[in-house]
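Remarks on the structure that follows.
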Amino acid sequence: MIGHLILRLTIWFLLTADFSLTNIVIGFIIAFALPRSNTAEDAIAEWLRMLRKILVAIPVAYIEAFELLFRPHRHEDVVLEKVPLHRSPLLIFLDVFLITFTPKTIVLKYQEEGWYQVHVVRRRAKN
């Protein structure tokens, strides 16, 4: 339960970027009001992989942001990315959040068949 609360509050503070007392109280209210998933606990190895992805995504997001500022990206594609097998809804949400966190990609749609539809901005046309 504490892990879910910390995750929800972290996402809330990332979205709002406001640490005022009012925003903290609103964040706690929303974190407690959101429904809990009924899925079994995910393997610790899967969570450690996700933590590693998060730590890698932060510098990548900054690098991509500077690339977009200084070098134009004129081509775009919509690609399908496979969802890893046996993902809980929480891990799927984190996957979508990480893909969308980087400036050159955004998830357009999660398909129930196990695919993410991702919009990608590229510097050069794909061959």
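State the percentage of accessible surface on the chain attributable to carbon and sulfur atoms; use a 1.4 Å probe and exclude ligands, DNA and RNA. Numbers along the way, then the final one.
Working: 6090 of 9120 Å².
Its accessible area is 67 percent carbon and sulfur atoms.
Once you place label points 7 Å from the Cα toward the Cβ at residue 78 and residue 110, how far apart are they in nm?
My value for the distance between the label points is 1.9 nm.
Give me, ordered by chain and number, the residues 5 or more places off residue 115 or on other chains with an amide H under 5 Å from its own placed amide H.
Those lying under 5 Å, H to H, from residue 115 are 83.
Relative contact order for the chain: what is it in percent, counting Cα pairs under 8 Å that are at least 6 residues apart?
Details: 110 pairs, mean separation 31.1, N = 127.
The value is 24 percent.
Under a 1.4 Å probe, what is the accessible area of the chain per residue, stated in Å²? Before the final figure, lay out each step's value.
On the way: 9120 Å² over 127 residues.
Per residue, the chain has 72 Å² of solvent-accessible surface.
Only sites in a loop by DSSP and with at most 10 other Cβ atoms within 10 Å count here; which GluC sites (Glu not before Pro) in the range 20-97 make the cut?
Here the GluC sites (Glu not before Pro) that fit, given the DSSP loop and packing criteria, are 41.
Under a plain spin-label model, where a point goes 7 Å from the Cα along Cα-to-Cβ, how far apart in nm are residue 2 and residue 18?
2.9 nm
Using the Karplus curve 6.51 cos²θ - 1.76 cosθ + 1.60 with θ = phi - 60°, work out ³J(HN,Hα) for each residue of the range 23-31 in order, rounded to whole Hz, and write x for Gly and Pro.
5, 5, 5, 4, x, 5, 4, 5, 4
How far, in nm, would the chain grow between residue 36 and residue 92 when pulled straight, counting 0.36 nm per residue and subtracting the alpha carbon separation?
Details: separation 56, 0.36 × 56 = 20.16 nm, distance 1.47 nm.
Roughly 18.7 nm would be gained on extension.
For the range 57-69, what does the Karplus curve 6.51 cos²θ - 1.76 cosθ + 1.60, with θ = phi - 60°, yield as ³J(HN,Hα) per residue in whole Hz, taken in order and with x for Gly and Pro?
Whole-Hz 3J(HN,Hα) from phi for the range 57-69: 5, 5, x, 4, 4, 5, 4, 5, 5, 5, 4, 5, 6.
The values are calculated or read from the model by the stated rules, or taken from the named source; none is laboratory data. All figures in this text were calculated on a predicted structure; none of them were measured in a lab. So basically every Cβ, Gly included, is an ideal-geometry build from the backbone, and we count neighbours across all protein chains shown. All accessible areas refer to the heavy atoms of the entire protein, side chains included, with ligands and DNA or RNA removed. Shrake-Rupley method; radii C 1.70, N 1.55, O 1.52, S 1.80 Å.
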